[in-house]
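The values are calculated or read from the model by the stated rules, or taken from the named source; none is laboratory data. Keep in mind that this is a model prediction, so the values were computed, not measured. All Cβ positions, glycine included, derive from the backbone under ideal geometry; neighbour counts span all protein chains shown. Quick note on the areas: whole protein, heavy atoms, side chains included, nothing else; ligands and nucleic acids left out. Shrake-Rupley method; radii C 1.70, N 1.55, O 1.52, S 1.80 Å.
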Amino acid sequence: MFQSLSKNLEKAIKSLKGQGRITEINIASTIKEIRRSLVQADVHYKVAKQVTDAIKQKAIGTNVLTSVSPGQLFTKLVQDALTDLMGGMHSEVRLTGHPAIILVAGLQGAGKTTLTAKLAHYYKKKNKTPLLVACDVYRPAATDQLKKLGTELNVSVYTEPEEKNPHTIAQNAIQAAKQNAIDLVIVDTAGRLAIDKEMMQEIRMLKESLKPSETLFVVDAMAGQDAVTTAQAFNEQLNFDGVVLTKLDGDARGGAALSIRSMVDKPIKFISTGEKMQDLDLFHPDRMASRILGMGDVISFVERAEEVYNEEQQRRLEQKIKTNQFNLEDLVKQIEQIKKIGNLKEIVSMLPGLGKITQDLPLDEDVFKSCEVIIASMTPKERKNPHIIDRSRRERIARGSGTTIQEVNQLLKQFDLIYKMMKKVHKEGPSFFSSLPGLFKKVR
Ligand SMILES: Nc1nc2c(ncn2[C@@H]2O[C@H](COP(=O)(O)OP(=O)(O)OP(=O)(O)O)[C@@H](O)[C@H]2O)c(=O)[nH]1
Ligand SMILES: [Mg+2]
């Protein structure tokens, strides 16, 4: 996400380096470059101009302190301007009422059903008892999709396959919720290919009759400028409360994230960065601005990691490292945990200084797959005592896993590195992050 924007902004700011002080003349080309980068990322040119005008004004009025370079000062100004552009502060989802109701709306394929399930997953962890409601009465498969997700999450799903009126379904679901100590009802609705009078009418009436505490508009970030146009159209009809931007894991240029707030005047509340249930983050304008500028988003990373790693596991792991008992079985467990935090590129892009290099790193889930396959071909004894894996064992493992002996060697070498690094982390703490990317070089 935002890779080319990040690169272009960095280039623009770099061109200032070496300048002793900021004047209207020496920042002119940097300002122009920043504007161009924003427009290229699909930000509306008027918005881009507003942003760069604000940066310019602040830059000229600021004395460069001796301790910061003009480049550093400019990075800060751009970061502030992007944060303001995206709404400044994080905006909360309102969950009032018994039960609280979230209505999910958007075009076909935007990611509504996936979001409905992700929200259930998210709020369940916050001790809510959610009920998902299938109000897409046009596609039977839509109900099945929601049911399947509900089963995976162990969350109840309300359906009425024979009922064709979404209002009736939703009202009945709320009655059922009241009788079953459900405190959050999340309503999934049908999408259409394009803005369509009938759909708008249906969703508007649903909103009127349900009086949800929160109506979320879901939009695919890959739609670029169209995402903004669609948001405007939905907002006119629906007056929704917040936006959820989906598919930010793709090669979306990010303009939608940057423009929606100023063009529609509604906050982005969540962003979705993948198909897995945990790929959902609260939207924080300041953190996003840092990420765009390649400064990482450690807070979001830590939040996600904390959800996956509990204290008990952490304590056990530390104990193993301390007593030199960390082995290949533990490595597989660690890999499983990392996978739960999210997709690897996403994780790395949250770490400071690494954001801009993710594009060049061969980071995909295959990295883990070959590790797991190789480890699966070892005997339990080998996994517990990697040092006993000699040449003939390596040959057997390679044959068993359909890999080569070089790949097995590489894995063992990586294990050794990880082991050493973990010992180091144990002693030093955060330097762990700086050694992360080198470890997961693709084996093949
Ligand atoms: N890569 C990626 N895929 C996503 C994301 N969100 C949803 N998807 C995928 O996009 C596709 C459509 O998602 P759905 O949740 O079914 O979309 P929908 O809005 O309910 O679609 P309709 O019910 O047909 O209107 C599915 O294959 C999802 O797995 C995301 O953030 N990233
Ligand atoms: Mg759907």
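When DSSP beta bridges are restricted to pairs lying wholly in the stretch 100-288, around 10% turn out antiparallel. With both labels modelled 7 Å from their Cα along Cα-to-Cβ, the residue 193 to residue 154 distance reads 4.2 nm.
Once the other residues with Cβ under 9 Å from the Cβ of residue 113 are scored (Lys, Arg +1; Asp, Glu -1), what is the net sum? Once positives and negatives cancel, what remains is -1.
Determine the alpha carbon to alpha carbon distance for each of 125/340; 125/266; 247/269; 340/424; 322/423; 14/56 and list only those over 19 Å. Beyond 19 Å: 125/266; 340/424. For the stretch 3-85, the relative contact order works out to 35 percent when only alpha carbon pairs closer than 8 Å and six or more residues apart are counted.
Here residue 384 is the anchor, and the aspartates and glutamates within straight C-alpha reach of less than 12 Å, apart from those fewer than 8 places off in the same chain, are 329, 330. 3J(HN,Hα) couplings calculated from phi for the stretch 379-386 with the Karplus curve 6.51 cos²θ - 1.76 cosθ + 1.60 (θ = phi - 60°) are, in sequence order, 7, x, 5, 5, 5, 7, 10, x Hz; Gly and Pro show x.
One decimal place: the segment residue 423-residue 325 gains 34.1 nm when fully extended, by the rule 0.36 nm per residue minus the C-alpha distance. Taking the Cα centre of the stretch 100-288 as reference, the dipole from Cβ charges on Lys and Arg (+1) and Asp and Glu (-1) amounts to some 420 debye. Annotation for the stretch 142-184 versus the stretch 318-338: alpha-carbon center distance of 41 Å. Any aspartates and glutamates with Cα under 17 Å of the residue 164 Cα? List them, leaving off those in the same chain fewer than 8 positions away. List returned: 136, 144, 188, 198, 202. With protein chains left intact and a 1.4 Å probe, residues in the stretch 3-85 average 55 Å² of accessible area per residue.
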